[in-house]
1. Is at least one residue of region 308-321 at pLDDT 95 or above and either of a type in the set (Asp, Glu) or on the phi > 0 side of the Ramachandran plot (or both)?
2. Would you confirm, using the coordinates I've provided, whether PRO402 is touching a residue at least 24 places away in the same chain (Cβ under 8 Å) and either in contact with a Pro (Cβ under 8 Å, 6 or more places away or on another chain) or surrounded by 14 or more Cβ atoms within 10 Å (Cβ to Cβ) (or both)?
3. In this structure, is ILE121 farther than 25 Å from PHE215 by Cα, assigned to a loop (DSSP other than H, G, I, E, B), of a type outside the set (Lys, Arg) and out of contact with any Pro (no Cβ under 9 Å at 6 or more places or on another chain)?
4. Return the residues of region 16-40 that are surrounded by 14 or more Cβ atoms within 10 Å (Cβ to Cβ) and part of a strand (DSSP E or B); say none if nothing qualifies.
5. Could you list all residues from region 128-163 that are part of a loop (DSSP other than H, G, I, E, B) and touching an Asp or Glu at 6+ places or on another chain (Cβ under 8 Å)?
6. Just checking: which of the helices (runs of 4 or more DSSP H) contained wholly in region 180-234 hold 1 or more residues that are hydroxyl-bearing (Ser, Thr, Tyr) and within 25 Å of GLY260 (Cα to Cα)?
7. Determine whether GLY268 is in contact (Cβ under 8 Å) with a residue 12 or more places away in the chain and within 16 Å of the chain's Cα centre (by Cα).
8. Does region 240-259 hold any residues that are under 30 Å from ILE174 (Cβ atoms) and either among the hydroxyl-bearing types (Ser, Thr, Tyr) or modelled with pLDDT of 95 or more (or both), and which are they?
Amino acid sequence: MLSTIARMKNPIMEYAWGSKNAIPDLLGIPNPEQKPMAEMWMGAHPKASSAIWVDGKWVSLEEVIRSSPDTILGRHVALQFKNHLPFLFKVLAAEEPLSIQVHPDLEQAKEGYKRETESGIPLDAPERNYRDPNHKPEIICALDDFDALKGFRKIDEMIKLLEKVSSRSLDGLIELLVREPDERGLKRFFEALMGIEKQEMARISATAAQRAVDFAENDPAYGWVVLLEKAHPGDPGVLAPLFLNLVRLYPGEALFLPAGELHAYLKGVGIELMANSDNVIRAGLTRKHVDVPELIKIARFTMGNPQILPAVRVSVGMEEYASPCEEFVLSRIVLEEEKTCELNSREGVEILLCTEGEGEIENGGGDQRVHFSKGMSFLVSAPVKDYRISGWGTLFRASVPPITTRK
């Protein structure tokens, strides 16, 4: 039956920057080969769809939605998002820094996907930027201490930080910021930095890292310069902690990443929720395809302090993280012993993931009960209008905003 609370089985993505322990510990599975398990995907993306347990067997969630979109998604969600699950839910476990990257808005994604497809670039080609025609706003919530780079610092901060580690070649770039302390000057600075010849950039980054050692004890941004130079010597991204905001999230805190905002996740484990897309344009700190001209075309060169999102209580046991997206809402359910969280008058599909604890999920009619424990995930299809969660622990919930709140 499809109108149930169904257990999920999810693909794990192995990328070089992934943790060897975090996802295996969450799922309670061995990792004897010590593979870097970077992401667990919960959703129906064509690249890697989850499976759900239906009538005694595992079935691709993408196929189930294709065959019964109204039943799984709910009629309004199916209509608005053309019979597709609008979000992709992930566990992200970074042992090493991810690339400096940016995601396109919806119009840019559609144009880029069409352009690369008409150019004959295969979907799985390493040089492909746009793997689908969708945008990718996202939110990340920390499960442990989580370090990230998010958006450009204020220009006066950049100048002060860069001057301490500057060499003669870098002085000219800093002067661009001094002369034009605005978005235009910032764009010129970034474009010039990305365009420095490799041998010269190697000298600049090595000098910066050597000088950063003297300041690392008092400012973690310089500590990251040292670490990034060791991991990616000669990469212009080595300087990124000095011109991008360095953010430390503590468990339960979150960041929202809109289209066009330059960012990089540095280290930690988090719950990530995004529009159902895999579009990434990279600028550095990676061995994957880098496309600086395309990134500069879609990046936003605005400056300011990053906003850390707290969890806001909305009902007994339920907290939410604010985001402006039509595709998703991230919630956290925190249950103390013998407590119950009730979810009523639902109108769309949801995914639940337990990160600690155990208990039961029961539908409103009382004719289905499923046990949950750490690492288990479930699809709650649209016909389940009411359900309750009892027990103890923490669950994260991905859902679609109520239709009355969508723009």
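1. Applying the first criterion (at pLDDT 95 or above) to region 308-321 yields 308, 319-321.
Now drop any that are not either of a type in the set (Asp, Glu) or on the phi > 0 side of the Ramachandran plot (or both), which leaves 319-320.
Within region 308-321, one or more residues are at pLDDT 95 or above and either of a type in the set (Asp, Glu) or on the phi > 0 side of the Ramachandran plot (or both).
2. Numbers: touching a residue at least 24 places away in the same chain (Cβ under 8 Å): yes; either in contact with a Pro (Cβ under 8 Å, 6 or more places away or on another chain) or surrounded by 14 or more Cβ atoms within 10 Å (Cβ to Cβ) (or both): no.
The answer is no for PRO402.
3. Values: farther than 25 Å from PHE215 by Cα: yes; assigned to a loop (DSSP other than H, G, I, E, B): yes; of a type outside the set (Lys, Arg): yes; out of contact with any Pro (no Cβ under 9 Å at 6 or more places or on another chain): yes.
Answer is yes for this residue.
4. Within region 16-40, TRP17, GLY18, SER19, MET37, ALA38, GLU39, MET40 qualify.
5. First, the residues of region 128-163 that are part of a loop (DSSP other than H, G, I, E, B): 128-137, 143-145, 153-154.
Matches in region 128-163: ARG128, ASN129, TYR130, ARG131, ASP132, HIS135, LYS136, PRO137.
6. Working: elements: 183-194, 198-212, 220-231.
Result: empty, no element qualifies.
7. Values: in contact (Cβ under 8 Å) with a residue 12 or more places away in the chain: yes; within 16 Å of the chain's Cα centre (by Cα): yes.
Against the criterion (in contact (Cβ under 8 Å) with a residue 12 or more places away in the chain and within 16 Å of the chain's Cα centre (by Cα)), GLY268 qualifies.
8. Residues of region 240-259 that are under 30 Å from ILE174 (Cβ atoms), as a first pass: 240-249, 255, 257-259.
Across region 240-259, the qualifying residues are ALA240, PRO241, LEU242, PHE243, LEU244, ASN245, LEU246, VAL247, ARG248, LEU249, LEU255, LEU257.
The values are calculated or read from the model by the stated rules, or taken from the named source; none is laboratory data. This is a predicted model, so every value here is computed, not measured. With ideal geometry, Cβ positions are generated from the backbone for all residues, glycine too; neighbour counts draw on all protein chains shown.
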